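Remarks on the structure that follows.
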Amino acid sequence: MGKITGFLEFDRKIEAYAPVEERIKHYKEFTQPLEEKELKNQGARCMDCGIPFCHSGCPLGNLIPDFNDAVYKAKWDKASEILHSTNNFPEFTGRLCPAPCEEACVLGINEDPVTIENIEKNIAETAFEKGWIVARPPETRTGKKVAVVGSGPSGLAAAQQLNRAGHTVTVFERDEKPGGLLRYGIPDFKMEKSIIDRRLRVLEDEGIEFKCGVHVGKDIKGEELKNDFDAIVLCGGATVRRNLPIEGADLKGVVQAMDFLPQNNRRVDGVKDFENEIMATGKDVVVIGGGDTGSDCIGTSIRHGATSVSNFEIMPMATADRPKGQPWPFWPMRLRTSSSHKEGAERFFSISTKRFVGDEDGNLTGLITSEVEWVREPGKAMVLKEVEGTEKEWKCELALLALGFTGSEMTIAEQLGLEADARSNIKATESDYKTNVPGVFAAGDQRRGQSLIVWAISEGRQAAYHVDTYLMGESELPLKGEGDLPRV
Ligand SMILES: Cc1cc2nc3c(=O)[nH]c(=O)nc-3n(C[C@H](O)[C@H](O)[C@H](O)COP(=O)(O)OP(=O)(O)OC[C@H]3O[C@@H](n4cnc5c(N)ncnc54)[C@H](O)[C@@H]3O)c2cc1C
Ligand code: SF4
């Protein structure tokens with residue numbers, strides 16, 4: 001432990017944001033980095049707990065007190081080595097993770113938790129700045145070929161781990177560039193795409209081949225992939241969107257969030273001509289659904305210059321503090337307010353959209369809602385009930401549906417004869433990531449359902465261990481939390 005009294009001396013401090021009126025004029029990241037001295041103080045707040053509960057919160061098993069201590073001592077190279085030993089892409093999680101580790105931090109019992117996520121981001125950024133993140137291709141190749149389908153965080157993590165083990169890895173991606181939801185879901189103001197490109201260059205230099213614009217299942221059939229490769233890892237995400245099948249859902253102006261957000265990310269990337277351009281400019285926008293996707297729609301609509309942005313959530317408003325039934329160190333379902341929420345959106349809770357309203361040309365002009373409440377009847381599960389007399393009409397020309405995902409696209413699974421689970425994802429357990437077909441594995445959202453980047457990276461790493469074991473009989477790749485220090 002670095003500074004025994006650190007947590008008593010220093011208050012929690014994280015990066016500030018640029019003022020709203022400035023940041024909404026562009027799509028760049030808008031955090032304002034801390035000075036090195038302040039970052040060291042933040043590292044010094046870590047108590048190096050006998051039982052570091054932060055570990056229990058982190059799906060990657062990041063060695064958190066160890067890198068906190070290294071940061072306090074300004075040993076950034078050591079901090080980077082420790083961090084990369086369990087996490088292939090800390091520059092992604094350091095920007096985008098909801099930080100379950102911080103909710104589990106012991107200091108969080110009666111103080112503000114250690115700023116683990118921000119420390120992680122700064123370690124990664126320092127390492128890139130100093131040129132410590134360089135390609136480390138394997139010394140020998142095994143002669144085995146692995147296909148990774150999907151280039152989101154799970155596919156990228158699986159690919160890097162398998163390449164490190166000496167296998168020849170090809171990543172297939174149906175989009176024009178790799179990155180998955182990191183590139184075509186999450187807006188640039190949360191993570192600029194140069195951050196992905198910087199890491200991809202390292203992966204390519206290590207020998208991983210990326211084949212973009214290739215839709216596996218259509219352009220290459222399952223059988224062909226099976227014949228050409230010794231193992232396949234399916235990391236295609238959970239991309240089937242949930243609809244809102246109510247009256248008026250086919251009106252022009254009722255749009256899926258995952259049509260709106262990818263188009264905007266492409267626009268920011270320089271793409272100009274879109275068949276159906278979706279803009280929020282000058283419109284009253286309603287974002288239906290909370291969560292990350294809803295929040296990203298809000299920030300994007302505001303940058304487009306929407307007249308107003310309202311956000312509807314069917315659940316009641318949570319409390320800002322931990323609810324009583326969700327004590328430390330568990331992940332609490334508390335009210336989360338993102339930087340986008342603070343940019344001018346109004347949030348409404350316990351509200352349900354009953355129908356969309358349009359004009360004679362089929363354009364959306366408004367929607368009808370009512371308030372709802374969850375009611376428990378004796379011996380029955382909670383049910384959602386409309387509160388009588390609360391119907392309301394809202395003016396709205398663009399309704400963005402951010403209602404989550406119902407499962408993954410199963411064409412390739414069907415071609416390979418894979419079993420699906422009850423939630424329309426590929427069936428494979430967390431114990432070995434194997435599907436019912438030998439040599440075919442699944443990881444990330446395509447296996448566990450819509451989740452988080454940190455889980456996707458964790459699953460990609462773990463799946464790689466099991467693929468390596470399948471191919472070689474044993475594996476030296478790390479299991480969760482073990483780290484692979486000698487390799488980085
Ligand atoms: C708008 C939005 C915002 C989010 N924000 C956050 C956040 O702030 N923090 C966080 O932790 N999580 C966030 N998430 C969740 C997070 O992005 C996902 O959990 C994570 O990206 C899943 O990674 P993955 O690799 O499993 O799949 P994905 O990232 O979905 O990548 C799957 C890739 O596979 C490709 N693919 C699919 N099928 C095929 C095929 N047949 N052939 C070739 N390629 C194929 C897809 O094109 C895609 O590129 C967000 C999700 C969304 C939708
Ligand atoms: S739980 Fe918090 S204080 Fe304890 S070791 Fe982890 S980060 Fe440090």
Would you tally the residues in region 26-52 being in contact (Cβ under 8 Å) with a residue 24 or more places away in the chain and more than 12 Å from ligand 2 (Cβ to nearest atom)? 12
Out of the residues in region 139-176 that are assigned to a helix (DSSP H, G or I) and of a type in the set (S, T, N, Q), state the one that is nearest to ligand 1 (Cβ to nearest atom). SER154
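Quick one: which helices (runs of 4 or more DSSP H) lie wholly within region 22-96 and hold at least 1 residues that are within 16 Å of ligand 1 (Cβ to nearest atom) and either outside the structural domain of TRP328 (by TED's automatic domain parsing) or modelled with pLDDT of 95 or more (or both)? Break it down stepwise before answering.
On the way: elements: 36-44, 53-57, 64-72, 76-84, 90-96.
Per the criteria, 53-57, 90-96.
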Boolean, GLY179 is without any contact (Cβ under 8 Å) to a residue 60 or more places away in the chain and near ligand 1 (Cβ under 9 Å from one of its atoms): yes
Breaking point among (1) out of contact with any Lys or Arg (no Cβ under 9 Å at 6 or more places or on another chain); (2) within 30 Å of ILE109 (Cα to Cα); (3) crowded, with 17+ Cβ neighbours inside 10 Å, for TRP331: (3)
For VAL375, all conditions in the list (1) more than 21 Å from VAL255 (Cα to Cα); (2) surrounded by 14 or more Cβ atoms within 10 Å (Cβ to Cβ); (3) not acidic (Asp, Glu) hold save one; what is the number of the exception? (2)
Here is a check on your reading of the model: is LEU261 over 29 Å from GLY449 (Cβ atoms) and assigned by TED's automatic domain parsing to the domain that holds LEU398? no
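Being in a helix (DSSP H, G or I) and crowded, with 23+ Cβ neighbours inside 10 Å is the filter; apply it to region 103-120 and report the residue that is farthest from ligand 2 (Cβ to nearest atom).
From region 103-120, those in a helix (DSSP H, G or I) are 103-104, 106-109, 116-120; that's our starting set.
Now narrow it down to the ones that are crowded, with 23+ Cβ neighbours inside 10 Å: 116, 119-120.
Working: ILE116: 6, ILE119: 9, GLU120: 11 Å.
So, considering only residues that are in a helix (DSSP H, G or I) and crowded, with 23+ Cβ neighbours inside 10 Å, the one farthest from ligand 2 (Cβ to nearest atom) is GLU120.
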Would you point out which residue out of LEU261, LEU251 is within 14 Å of ligand 1 (Cβ to nearest atom) and either of a type in the set (D, E, K, R) or surrounded by 16 or more Cβ atoms within 10 Å (Cβ to Cβ) (or both)? LEU261
Checking the structure you have, find out if any residue of region 123-135 is closer than 23 Å to ASP66 by Cβ and either within 16 Å of ligand 2 (Cβ to nearest atom) or assigned to a strand (DSSP E or B) (or both). yes
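The values are calculated or read from the model by the stated rules, or taken from the named source; none is laboratory data. Computed from a predicted model, the values in this text were never measured in an experiment. When we count neighbours, we look across all protein chains shown, and the Cβ atoms used for this are built from the backbone with ideal geometry, even at glycine.
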